[in-house]
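Throughout, read-outs are computed from the coordinates displayed, never taken from laboratory work. The model shown is predicted, which means the values in this text are computed figures rather than measured ones. Reconstructed Cβ throughout: ideal geometry from the backbone, glycine too, with neighbour counts over all protein chains shown.
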Amino acid sequence: MRGGRDELAELLKRAGLEIVGDGGVEEVLPPRAAWRRVIGYEAEPAVAVRADRPDLAEAVNREWHRLATELGILGADGVFLVEVAGDWTGCAPRRWTRVRLGDDWDLAGALNGVEFMTLALDGDALVAATAEEYDVWLVAEDRIGERQESEAQAAVRETPQERAAAWQSLWRGPKPVARVLQSWADGLALNRALPEDELRPRLLGTSRYILYGALSPAMVDAAVAHPDWKIRSGVAEHQRYITPGQWARLILGEEDTRRRWALTLIAADRREELDEDTCRRLAADPSARVREEAVRLLSQPGSVVAALTADPEPRVRAAACTTAWPDLDAEVRQRLLADPDDKVRRAALLLHHRERPLSRREFETGNLGGSDALKSRRPERDLAEHLAREGERGDRLDLAANPHLDADLVALLGEDEDADVRFAVSKRPDLTEEQRAAIRIDFDPRLRHWELDWVLDLHEDTDAMRRLAASAHPLVRRSVARARHLPPDAVARLARDEDRVVRLFLAESCDDAPADMLLEVWQWWDGSLTCPDRPRGHPNFPRQGLLRYADDPNPRMRRLAPDDPESTPELVDRLSRDPAAEVRYRAVTDPRLSAASAVRLLDDPHEHIRHMAARHPELPARVVIRLLRENETAEEAARNPVLPVDVMREMIERIEEFERAEGSERPV
């Protein structure tokens, strides 16, 4: 919410405060947690200033400055943190602002009754101004870190009777607002302790998350017949096991053309096996878009696809042409080559030239520029030589990858003036490594490059892997590093490669990667979406001796200490107090973390750590109740397996009650 932050900056400037810093997350108590300490029922003012006195702003400023000075909030350079009540960030988490007092500061006067809070840079002391009925309170607190520790220890001391009473207290007081109820639904949908048969089906249509996990056949049936289109489309996208009968009901039951097309496209993309009757009906659908996708269905009979080459819609003929070409007779092929539509003729011509060379005249008159013709079809010598010497850059680039190109033209393109053309030639599989090394390439290791398919196809060839591991071309070596297994000498060479992406790929893909290299890669790589557990989860990653990193200057190395078999719960708790957020996150995800440390981490500066702490399975009930009532933490608290089944059942009943009330108020 950029506008809100800009308005806040203007307000602070009017108060005579100089903004310093970049506005990032401060490693201190987050503002929402700090406000709880100030406005809670136990808060007491250090000073109360009558709200009706004529010099109110001056008095508040004076008392605030005195308290801030006594508690050490104003640092040596005068910098401190400030938070002003109000919606300055929208849905984003609130953040502290680093400021320094200017010469003519007027904090209370400029804010004109708006509540504010100030905090020391180390987060251990605060002074806040809050408006009460007759007074302005200045609330002061020091030794915040020490108090948090003792409060967390006290919070986890909960008897069974207190625990039972706490769960019952969830239903007392004001009813949860819509946003909180939706967070409950989303959290329960992801809660592994939620009873599958009794309660999970009741969330269908309430939370989108319910579709992400594997559903029972009965729930898939319910989703297929659900009146909400989002549920029906969601089950098609996210559920792996949908029967042909369920697909038939799902797709054929859609009266809306666009939705029927979308579901057919999903089924085709996922290569689902539909029954033959459904495939035939979709191939005869009134919508050309549906028929076009029906061509790609895995179970579509070949005779049906061939018949669609005569469809009245060009887009359907083009799709059918591409799929059915190998089974078409000469007469049908000729008809497609002479089709009145350019797209159909182009598709047919490209297929036609899988079997015969492409002439210069056919290339130029067939409008084949920009297709894959020059990449994959065999060009006649006249066409290839003309393009290699005089063709446009894009044509030379495509030709450089053509597997049928004569050797002299490959060599010519290897000396092309365009760096991209030379680079394309350098990736060809028919070059010797000496020829490849002789091509001058410009390689930026920071750019994303795809592995070479021809190298991937040789992964089982030990001799080829040994030879290619010594290639001068980084993409060749990167592609070799993707092999599941490699000979020891190739592994040793790649583990010392100067290109760190080679070492990364070896860590992600090769089960033979050495331990020392895995540890080196860990220092700068934390895992990817495709390989989230590598290198740390690699079977060769060292486990013994990791305790020596518990006090390492590099926080990434400190994260490894709990993985040592000799690590203790006490170490995990100690690391939960680490100054680095990534180390604290490692601690909060460890099942050995104590409940008291989890309670303390609920007030961590970083949202992702607070969310993980809210899911700790040993949190006391009264703490979980508080989290369930707050917008920011309700969803994560609803994911906590500590929730009793009867509480989850009541939560769902409250959600359903709200939905019924909302539905009854909507106009029909």
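As a footprinting exposure proxy, order VAL136, VAL20 by other Cβ within 10 Å, with the fewest listed first.
On the way: VAL136 24, VAL20 13.
Fewest-to-most Cβ neighbours within 10 Å comes out as VAL20, VAL136.
Rg of the Cα atoms in the chain, relative to 2.2 N^0.38 Å, amounts to 1.28. 3J(HN,Hα) along the range 38-47: 8, 9, x, 5, 8, 5, 10, x, 6, 9 Hz, from the Karplus curve 6.51 cos²θ - 1.76 cosθ + 1.60 with θ = phi - 60°, whole Hz, x for Gly and Pro.
When Lys and Arg each count +1 and Asp and Glu each count -1, what net charge do the other residues less than 12 Å away from ARG622, Cβ to Cβ, add up to? Write out the running numbers ahead of the final one.
Details: positive: ARG157, ARG163, ARG626, ARG629; negative: GLU158, GLU162.
So the environment of ARG622 carries a net charge of +2.
Amide H contacts of PHE116: ALA85, ALA129, each under 5 Å away and 5 or more positions distant or on a separate chain (H built 1.01 Å from N in the peptide plane; Pro and chain starts excluded). In the chain, the calculated helix contribution to ellipticity at 222 nm averages -13500 deg cm²/dmol per residue, counting -39,500 (n - 2.57) for every DSSP H run with n ≥ 4. The lysines within cross-link reach of LYS343, meaning a Cα-to-Cα straight distance under 24 Å and a gap of 8 or more places when in the same chain, are LYS375.
Test of the criteria: in the range 395-493, which trypsin sites (Lys or Arg not before Pro) are in a DSSP loop and have at most 15 other Cβ atoms within 10 angstrom of their Cβ? Numbers along the way, then the final one.
On the way: sites: ARG396, ARG422, LYS427, ARG436, ARG440, ARG446, ARG448, ARG466, ARG467, ARG477, ARG478, ARG482, ARG484, ARG493; in loops: LYS427, ARG440, ARG446, ARG448, ARG482, ARG484.
Answer by residue number: ARG440, ARG446, ARG448, ARG484.
Under 5 Å between amide hydrogens, built in the peptide plane, is the criterion, and for ALA46 it picks out LEU138, VAL139, ALA140 among residues at least 5 positions away or on other chains. Can you list the aspartates and glutamates whose alpha carbon is less than 13 Å from that of LYS230, not counting same-chain residues fewer than 8 positions off? Cross-link targets: GLU254.
Are there chymotrypsin sites (Phe, Trp or Tyr not before Pro) in the range 220-304 that DSSP marks as loop and that have at most 10 other Cβ atoms within 10 Å, and which are they? Walk me through the numbers before you get to the answer.
On the way: sites: TRP229, TYR241, TRP247, TRP261; in loops: TYR241.
Here the sparse-neighbourhood loop sites are TYR241.
Add +1 for every Lys or Arg and -1 for every Asp or Glu among the other residues with Cβ under 15 Å from the Cβ of ALA218, and state the total. Write down the numbers at each step before the final one.
Numbers: positive: ARG200, ARG202, ARG249; negative: GLU196, ASP197, GLU198, ASP221.
Overall, the nearby charge balance is -1.
Rounded to the nearest whole Hz, the Karplus-based 3J(HN,Hα) values (6.51 cos²θ - 1.76 cosθ + 1.60, θ = phi - 60°) of the range 556-565 follow the sequence 4, 6, 4, 4, 7, 3, x, 6, 5, x, with x at glycine and proline.
Applying a DSSP loop filter and a limit of 13 other Cβ atoms within 10 Å to the GluC sites (Glu not before Pro) in the range 373-425 leaves GLU392, GLU415, GLU417. Between amide H atoms placed 1.01 Å from N, distances below 5 Å from LEU358 occur with ARG378, GLU380, all of them 5 or more places distant or on a separate chain. In order along the range 252-268, the Karplus-derived 3J(HN,Hα) couplings, from 6.51 cos²θ - 1.76 cosθ + 1.60 at θ = phi - 60°, round to 5, x, 7, 7, 6, 4, 4, 5, 4, 5, 4, 5, 5, 4, 4, 4, 5 Hz, and Gly and Pro are given as x. Panel values: the range 2-142, Kirkwood radius from alpha carbon pairs, Stokes-Einstein at 25 °C and 0.890 mPa s, translational diffusion coefficient 163 µm²/s.
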